[in-house]
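One structure below.
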Amino acid sequence: MSRPVKRSFSLRGHQTSISLEQPFWDALKDAAEKEGKTPAAIVADIDEARGDSGLSGAVRMWILDYFRRRRAVEDYNGGNRD
């Protein structure tokens, strides 16, 4: 497994950084492209909704949930063979 890579973001006017393993950075970039957003915009959305959890962990959980939901939609649509 890769070591975490730290990247900085400006969220609501203040600088912060998060550390994610490279596969998570790649997945965040893929999700951002699919959603027509920048990775920074997605991180800002996650930051606003995360509550008390840490930002890096919240981003990892968002990525996991995002791709699980996409897979469920793809599976559902693939099963609809009218």
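The values are calculated or read from the model by the stated rules, or taken from the named source; none is laboratory data. Remember, predicted model here, so these are calculated numbers, not experimental data. Methodologically, a virtual Cβ is constructed for each residue, glycine included, from the backbone with ideal geometry; neighbour enumeration extends over all protein chains shown.
Given the criteria hydroxyl-bearing (S, T, Y), surrounded by 12 or more Cβ atoms within 10 Å (Cβ to Cβ) and not in a helix (DSSP H, G or I), does S19 qualify? Judged against the criteria, S19 is a match.
Only one of the numbered conditions (1) of a type outside the set (A, V, I, L, M, F, W, C); (2) at pLDDT 95 or above; (3) out of contact with any helix residue (DSSP H, G or I) (no Cβ under 6 Å at 6 or more places or on another chain) is not met by S19, and that is (3). For segment 30-62, filtering for residues that are among the β-branched types (V, I, T), closer than 13 Å to R7 by Cβ, assigned to a helix (DSSP H, G or I) and without any contact (Cβ under 8 Å) to a residue 24 or more places away in the chain leaves 1. Identify, from the list G13, G57, the residue that is loosely packed, with under 13 Cβ neighbours inside 10 Å and at positive phi. Only one candidate qualifies: G13.
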